[in-house]
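The values are calculated or read from the model by the stated rules, or taken from the named source; none is laboratory data. This one's a predicted model, so the numbers in the text were calculated from it and none came from an experiment. Here the Cβ positions follow ideal geometry from the backbone for every residue, glycine too, while neighbour counts run over all protein chains shown. Just the protein is used for accessible areas: all its heavy atoms, side chains included, with ligands, DNA and RNA removed. Shrake-Rupley method; radii C 1.70, N 1.55, O 1.52, S 1.80 Å.
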Amino acid sequence: AGPLARQPRSMLEQILSSRAGVQLNQFGYNDLGAGRAVVLPQMGGVQEEYILGPGDEIVVTLRGQEAGEYRTFVDRSGRVILPKLNPINVAGRSFGSFREDLAAAVQRAYVATEAFASLGSVRQIRVTVGGEVNNPGLRVMTGLASAMDAILVSSGVKKTGSLRNIHILRGGRRINVDLYGVLRGTGGAQLPLVTDGDRIIVNPL
């Protein structure tokens, strides 16, 4: 299905348009005020800050004196287990941090061998989206989803909701999200990825 119909003109738009004598529209709601399907990659290159967790598939390629390719999943204990290496604890750590530990472990275990890691497939996570969205609730996403992806599959932000005052609640932490960077084409790459159990709250305008 395509995106939902655009939202009707809000009271704020009506009041300010009347004062200005021209039709004014709230910025960004034509793009983020309606839902749409979100297609996320299930494998391949990932951001260095991607947080690994149980269910992620890791592909490790060894080149040099020792050569081969190994596929393994992050186990329920949050470890990656590979031949001749001690288990590497990765749950809750970034993919970049895991790559550094893997390179060091391979240098210790093998002679003249380099290791390269990529993500084979991505685990599924569950996040809750609430506040000023058109369809709040629990969403099943992939580990590569951002807060904006979760909002879009929740049918977008109401015109009563802020695009600049969005919070991700993660344990005892609060992460602030401002979607204006996405709309202006300046900050999309900096949107944080969501993790299992996150609560995404779109605050009132």
Seminar exercise, completed: Expressed in square angstrom to the nearest 10, the accessible area of THR128 with a 1.4 Å probe stands at 60
Exercise. For LEU205 and GLU49, FRET efficiency with R0 = 41 Å and r from the beta-carbon atoms, rounded to 0.05?
Worked result: 0.85
For this session: Report, largest value first, the span of the C-alpha coordinates of the range 125-205 along each principal axis, in whole Å.
Result: 28, 25, 24
Exercise. Based on the Cβ-Cβ distance from ASN176 to GLN65, what FRET efficiency comes out when R0 is 45 Å, to the nearest 0.05?
Worked result: 0.40
Seminar exercise, completed: Any residue on another chain or 5+ positions along whose placed amide H is under 5 Å from the amide H of GLY131 is listed here as VAL202
Problem set entry | Distance between modelled label sites at ALA20 and ASN86, nm, 7 Å Cα→Cβ extension | 6.3
Seminar exercise, completed: Shape descriptors of the range 51-106 over alpha-carbon atoms, Rg and Dmax in angstrom, are 10.8, 32
Problem set entry | Simple label model, 7 Å out from Cα along Cβ direction - THR72 to ASN135, nm | 4.0
Exercise. Efficiency by 1/(1 + (r/R0)^6): what FRET value for GLU57 and GLU100, r their Cβ-Cβ distance, R0 = 22 Å, to the nearest 0.05?
Worked result: 0.65
